[in-house]
Structures are given as C-alpha cells and as structure tokens.
Amino acid sequence: MYAARLIDLTKFYYLGDNVVRALRGVSADFPQGDFVAIMGSSGSGKSTLLNLLGALDRPTSGQYILSGYDVGKLSDDDLSQIRNRLIGFIFQSYNLIPQYTVLENIQVPLHYRIDSRNIGSAEMNRCLDLASRVGLGDRLDHRPFQLSGGQQQRVAIARALVNDPEIILADEPTGNLDSQTEKEIMDLLTNLNREGRTIILVTHETSVAKRARHQIVMKDGLIHSEGMFTTEGEK
Amino acid sequence: MPFANTLRTVRLALKSLLLHKLRSGLTMLGIVFGVFSVIAMLAIGEGASAQAQKQVLSLGATNIIVLTVKPPADSQQSQNRGSSRSMQVPAYGLLRSDYDLLVSTLPTISGAVRMREILSEAQYLQRTINARLVGSTTEYAEMNHLQMLRGRFLSDKDEADMANVAVLGAETASTLFPLEDPIGQTVQVRTHRYTIIGVMRSRTASAAIGGSMSGQDFNKDIYIPLSTFRVRIGDIVFTRLSGTFMAEQVELSQITLKVREMADVVPTSEVVKESLRKSHGSKADFDVVVPLELLRQADQIRHIFNIVLGSIAAISLIVGGIGIMNIMLATVTERTREIGIRRALGARQRDIISQFLTETIVLAGSGGLIGILLGLCTPLAFEGLKGIVNNFVLDRSSGTSQMSKMFTEMDPKIAWWSLPVAFGISVGIGIIFGIYPARSAAMMDPIEALRHE
C-alpha cells in the first residue's frame, strides 16, 4: 500500500523562449509508514518536487497519485482540499500566523475543512492533545513571537497533524535551529514515523538525512541515487 | 452552520484589524466623516423643511390669500401723466367690490375674511411701538389660527357699531403695558384712541408670502373692526417719506378665502385670479397666494436639496472607499506570507476572498457605525454651535438680521430612515472596494506567496 506514488513526473517552466526543465521524469514510490529524505543541491529540482508533492503545483506531465487521487488532474479547489486533508506541512521558517496564539495556529487547518468547519469539543480536545504532545500544553495562549524557534516548529508540527494527514512534508525543518533543538525536532519526527506516519523530508544536511529510513538524491531534475544510510536511532 | 462560520470570520477580521489600531482607525475616517456628513446634512435639511412646512401650514392649507400689491413704479407714473401738477393719489389694490364679488360667486368656499392694514406707531403714555394696525372682522382670528390670551376678539357687534375697540398682539401688549393690565386701558394710534378689549397669545411668524422676505409676524398687531378702520383711518393713507408726503388709496389689503375641500383649493385659486384679472384690467396690483402650492414648492426644494446633499455625500463616501481599498491593497501585500500559509494549509481562493472581504466590510461597517453615532450628536452639537455664534460672532445690533434669524431658528431633525441607509451604504462601500484587494489576494500563487519575505 503506497501513500504516494510518482510516475514519470516532469515539470517545465516557460520563461519567454527558454524552457526550464526543472523535473525531467521522476518516478518514486512512498509506501505508508515511509520516512524518506530528499537531498540535492540548489537547482537540482528538489524544491519543484516538494511543491508537486505538496499539491501546491501541477506537473507538466506524469502522474502524482496521493492516497488514490491523481493530483495533476484536480481543480484548484480540490487541490486545496488535498493539501488540507492529506498533507501536513512543516516549513523551514515555521510559517505560523503571527496574530494568532499557539492554540489558534494549531486550529487553522480545521477552519478550511470543507465538510465540517466548526470546531466542536472533539476537535478542541485533539488540538489540546497535540499541543501537549509537542510539549506546549502550558503555552496555548502564547503568540509566535513569544516562543523560541524550536517551540515555534513544535507548533507547526502540531498544526501539521491536526487533520490526520496521509503524508507529512517537512521542508528543511531544522534549517533555522541549533543542533540541540535540531535533535529534539528530529526525535519528534522519528517518533511520529514509528507511529506509522509517512514523512517526506527535504534537506541538504547529511546529519538530518541520516535520521530518515532512506534517502533520495536529486540532480539536474532527475533522481540521481537512492540509498540507505544506517539510521542512528534505529535498533 | 453558515452563521457560526460568518461569526468566526468576522471575529478573525476584527482580530486582524485590531492588530493595527491606528491604521484601521485612520482608514475608517473617510467613511466615518462621509456617513456623519450624510446624517448631519439630512438632519439639517429635514429640520429646515419641517420648519418651512409648519410655517406654510400656519397660513392654512385650505386657504387662498389674495393680497394687495403695489404696482410697479412705471405704471404709476403713466397713470399720473398729464396731471403732474395736481396732487394725484394713486389708487390700487383690492376693492370692497372684489370681496363681494368673490364671496357671492365662489361656491367652493366656506368662509372669507377681508382686512386692511397700515404700519403705524401705537402709543400708551410714553411707551411706543411700531405696530401693524389691522382692520378686520371677527373671522380673522380663526382664519389665521390666532388664539386669545385674555379678553375677547372683535365681534360682529363691534363691526356694526364701528366700536372704538382694539385687540393687541402679544408683543404690542407687552411693550405698551409691561406692568399694567392692558384690558380696559386705551391705546393711541395716530390721532385716535381705542379701548383695549383683548390680548392675543404669542404666535410664531408664518411663512413669507407675496415676495417679502419676512414672515407675517402677528405679535406686533393691533386689531380694530374694519368699519372703524374705514371711518377713522379711511382708504387714503398719507405717509411721510424723506421730507415729502406720499399718499396712496387702498380699500382692502388682503382677502383670505377658506376653501371647503382640499382638492378644490387650486382650481378655486385659478377662478379667483381670472375673475380679479377681469375687474382689475392690466393693473398688476394683486397677488394670489396658495399655501398648498407653497407647500408643494417647499417639497420640491427639499427634493432638490436632498439630491444635492446626496451627491456630495456620495462623493465623500467614494473617496473614503478608495482610501479603504488603498490600505487593503497594502495590507494584502504585507500579508502575502500569511496568504501563502493559509493556501498551503488548505484555504481555497474563495476562503481568502471571504477573509479579506470580511475585513474590508467590518472596517467600513464600523466606520459607518461611528459615523452614525457622530451624526446622532448633530442636534446637540448644533445647539452648542448656536450658543457660540450668538455669543461671540453676532453682535447685539445684528441679532435681528435675517441670516442670523434663519440660523438660530434652524433646528436639525434626525431623519431616522437615514441611519440604516447610511449603514447599508457603508457596508456596500466595503463590499465594492473590498472585492479588488480580496481578489488580488486570492489570485496569488501559493508557492510565490510562501516564498515572500
């Protein structure tokens, strides 16, 4: 059972007369419960792949099957719902909404569910659980600027989990953090993976990539190599 | 639960707006003053028209007033030509025969009263007043809605007896008899003395008629029987004007006709004009005033006034709306990142549109509410302004001038229908001027928006 499959995915950008071939045919399978790190230098097509995986963009050709949906053929509104229900985003710069409290930030994806937008006691309990899960149960009323980088990223992780997504997409989640906090965040992600969550991680740091089960290295819009580092946390 | 959703969107919008209190407040100002000026101007207009209506109605809605008008100077000269040496007294105006003619030929009238007036000095002991001496009959009081304060009005018997009696207007009485009881005393007008039999209640001036600027002020009147007027004063009146005497012969100053049915007022007035024109020939020495027509004219003027005010208000509201749109566009640019985050977390384009549209509507709507509150204070503020103007701007000598009188008698009245309308317009402005910024927010590419610093 695959959480996500990429079948000969291409993405071209047309800039005037020039065609930029960002992805030139990428195929990969992500089984459920996978924890994969995508690596590559800048310009390798890594970001383009991430945008496609996040249903923020449509491929030029090829298929991206996420939880049974062919994402490339969906309307803009449907893509929004895919992002809302099937994908949990974790960004390098946390991307919390500054005027909202911790609790409100965690709740944001709930507001954009198309079928049940109101937040009942079940949803509320879920938010509180997630907040304490990431260790912020006592900071629910704090605003992002009152939190450290690591804490902000924890809020983002809780927010990514609130709609119980099919995959978690983490884009350089520890890029702005010191090594101690990096370890804490990666421990959190590793634990989530152990619970069966599929995590796709984009990074250029080998230390972070090593924590994943396996790695994909991008180069010139193609998958250059796939490998298995021995994961330190694995027993 | 769409209602709960709307409520939440509104709450979120308020939250975003309160984040920048000063900016939101300044943005609202345009709408605040726009709505305020709409309500204030309508209140002033409404107050003025209510006053005009009251004045016109005090003339009597079913009355037709026929006035003696002094004909233009050149037609008088042509009458006098050829006998310039001899003293020729110009005769003009309504005749007693006109009254008889109108009363006997008009079936639609229920009453008629004639009167003759001159301006003259009245005297009691050393006290004097420039009064209006009115000779009329007993119906005059009722026809002009005059009420007695003390004593009685002229009676038919006074008329028949040519009695030497007089009824004083409120101001005449208080000026000539500040302390004494006027009833039973005598007042001297010209060379004659009249026994006072009654005093009228004070009454606000009625609308200006016959082209004069000032309204009819009944408070400076002295009423005597018409028959007494005729024998004591006569038809020919001499007035001294800058060293020369002027004389003129007038039989009646005014005939007031009361029409039985409201619908007959205008046709009857046409008949009156026609029949008087026949008997007076080319002499333009009378005028027919129909209060009902005045009322209609006042309504028309108010209509035009409202249109003009409405256009001014519309312009100021549009300017306010453009201000809001400007700020919202800046806000959208500033919050590009937030828009990207929301899109990534699953917001559809219409969710972004509704978010920013709601913010604009809340902004404009609150501006409207504040404007309404300010507008409600208009009558109060006007009172204060009147006080300041009366005390510091107008000096005592100009205190009776027309302009200041118009100003001090102005009484703004809030037009209650204008409150929901003003609020609706401000919300409408929010919608109209919010659509473009909200759309431009929703059209952003989520990837670009997320990358925005």
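I'd like the full set of residues that are in a strand (DSSP E or B) and open to solvent by 40 Å² or more (accessible area, probe 1.4 Å), limited to the stretch B:269-315.
To start, the set of residues in the stretch B:269-315 that are in a strand (DSSP E or B) comprises B:286-289.
Listed by number, the list holds a single entry, B:ASP287.
Among the listed residues A:VAL108, A:VAL102, identify the single one that is away from chain B (no Cβ under 14 Å), in contact (Cβ under 8 Å) with a residue 40 or more places away in the chain and not hydroxyl-bearing (Ser, Thr, Tyr). Working first, answer last.
Details: A:VAL108 fails: away from chain B (no Cβ under 14 Å).
Exactly one residue qualifies, and that residue is A:VAL102.
Working carefully through the options A:ILE90, A:ILE119, A:ILE82, A:ILE114, find the one that is touching a helix residue (DSSP H, G or I) at 6+ places or on another chain (Cβ under 9 Å), surrounded by fewer than 16 Cβ atoms within 10 Å (Cβ to Cβ) and more than 7 Å from chain B (Cβ to nearest Cβ).
After ruling out the rest, the residue left standing is A:ILE114.
For the stretch B:12-69, how many residues are over 29 Å from B:GLY321 (Cβ atoms) and not in a helix (DSSP H, G or I)?
11
Which residue out of A:GLY135, A:GLY175 is at positive phi and open to solvent by 10 Å² or more (accessible area, probe 1.4 Å)?
A:GLY135
Taking the stretch A:192-210 on its own, how many of its residues are over 23 Å from A:MET1 (Cα atoms) and either open to solvent by 10 Å² or more (accessible area, probe 1.4 Å) or assigned to a loop (DSSP other than H, G, I, E, B) (or both)?
Looking only at that region, the number is 6.
Does B:MET87 satisfy the criteria of being open to solvent by 60 Å² or more (accessible area, probe 1.4 Å), at pLDDT below 85 and within 30 Å of B:PHE423 (Cβ to Cβ)?
no
Every residue in the stretch B:7-35 that is farther than 19 Å from B:ARG335 by Cα, open to solvent by less than 80 Å² (accessible area, probe 1.4 Å) and within 13 Å of chain A (Cβ to nearest Cβ), please.
B:ARG8 - this is the single residue of the stretch B:7-35 that is farther than 19 Å from B:ARG335 by Cα, open to solvent by less than 80 Å² (accessible area, probe 1.4 Å) and within 13 Å of chain A (Cβ to nearest Cβ).
Give all pairs with beta carbons closer than 6 Å in which a residue from the stretch B:151-164 that is within 19 Å of B:HIS192 (Cα to Cα) meets a residue that is part of a helix (DSSP H, G or I) and of a type outside the set (S, T, N, Q); count only pairs at least 6 apart in sequence or on separate chains.
These pairs meet every condition: B:MET162/B:VAL231.
Can you pull out every residue in the stretch A:148-177 that is within 14 Å of chain B (Cβ to nearest Cβ) and more than 23 Å from A:ALA209 (Cβ to Cβ)?
A:VAL155, A:ALA158, A:ARG159, A:VAL162, A:ASN163, A:ASP164
Among the residues of the stretch A:11-27, write down those that are crowded, with 18+ Cβ neighbours inside 10 Å and either among the basic types (Lys, Arg) or out of contact with any helix residue (DSSP H, G or I) (no Cβ under 6 Å at 6 or more places or on another chain) (or both).
A:LYS11, A:VAL26
Out of curiosity, is A:THR181 hydroxyl-bearing (Ser, Thr, Tyr) and closer than 25 Å to A:SER42 by Cβ?
yes
Restricting attention to the stretch A:47-65, which residues are open to solvent by less than 20 Å² (accessible area, probe 1.4 Å) and more than 14 Å from chain B (Cβ to nearest Cβ)?
Correct list: A:TYR64 only.
Out of all the residues in the stretch B:336-350, which are in contact (Cβ under 8 Å) with a residue 24 or more places away in the chain and at the interface with chain A (Cβ under 10 Å from one of its Cβ atoms)?
Passing the criteria: B:ARG337, B:GLY340, B:ILE341, B:ARG343, B:ALA344, B:GLN349, B:ARG350.
The values are calculated or read from the model by the stated rules, or taken from the named source; none is laboratory data. Fair warning: this is a prediction, and the values are worked out from it, not measured in the lab. When we count neighbours, we look across all protein chains shown, and the Cβ atoms used for this are built from the backbone with ideal geometry, even at glycine. In case anyone asks, the SASA skips ligands and DNA or RNA and just uses the protein heavy atoms, side chains included. Shrake-Rupley method; radii C 1.70, N 1.55, O 1.52, S 1.80 Å.
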